[in-house]
Amino acid sequence: QVQLVESGGGMVQAGRSLNLSCAASGTILRVNTMGWYRQAPGHQRESVAQITRGAVAVYQDSVKGRFTISRDNVLNVVYLQMNSLKPEDTAVYYCSADVLETDRDTFRHIWGQGTQVTVSS
């Protein structure tokens, strides 16, 4: 069973930083694109940042210059360093990954359980 486990959420004041991490575990052959999404109450889930296996990163415009996504291909971990946080960053943050498992021949897109980030003004 392959799963993604997130950590690092919490409550901070505006202007402060948080670092999220997400580890993929299980019978994994390869992990391609990994990323972070978020969903605020009453809003649809949206992409925050994505990173390819070759470390090419893409960001949502609202987080460019404030958030940095990175990954460790050996440990199958993806990170999201969030600086200069704003109240509008408040949401549940979900990790995602395209995973090739040992008993499959195609990649599967999987999700973490989500971690709450709350930014107070």
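Quick notes
- Residue in the range 26-35 that is in a strand (DSSP E or B), farther than 16 Å from D98 by Cα and either among the basic types (K, R) or open to solvent by 50 Å² or more (accessible area, probe 1.4 Å) (or both) present: no
- Considering residues of the range 64-88 that are of a type in the set (K, R) and either more than 23 Å from V99 (Cβ to Cβ) or part of a loop (DSSP other than H, G, I, E, B) (or both) only, the residue least open to solvent (accessible area, probe 1.4 Å): R66
- Any hit, the range 4-18, residues being of a type outside the set (V, I, T), within 22 Å of R104 (Cα to Cα) and in contact with a Gly (Cβ under 8 Å, 6 or more places away or on another chain): yes
- Residues satisfying the stated conditions in the range 95-107, i.e. open to solvent by less than 40 Å² (accessible area, probe 1.4 Å) and of a type outside the set (S, T, N, Q): C95, A97, V99, L100, E101
- Counted residues, the range 36-58 - those being open to solvent by less than 60 Å² (accessible area, probe 1.4 Å) and not small (G, A, S): 7
- Residues being closer than 20 Å to V5 by Cα and either in contact with a Pro (Cβ under 7 Å, 6 or more places away or on another chain) or not hydrophobic (A, V, I, L, M, F, W, C) (or both) - total across the range 20-70: 19
The values are calculated or read from the model by the stated rules, or taken from the named source; none is laboratory data. Worth saying up front: this structure is predicted, and the values here are computed from it rather than measured. Cβ coordinates were reconstructed from backbone atoms using ideal geometry, including for glycine residues, and neighbour counts include every protein chain displayed. Only protein heavy atoms, including side chains, enter the accessible area calculation; ligands, DNA and RNA are left aside. Shrake-Rupley method; radii C 1.70, N 1.55, O 1.52, S 1.80 Å.
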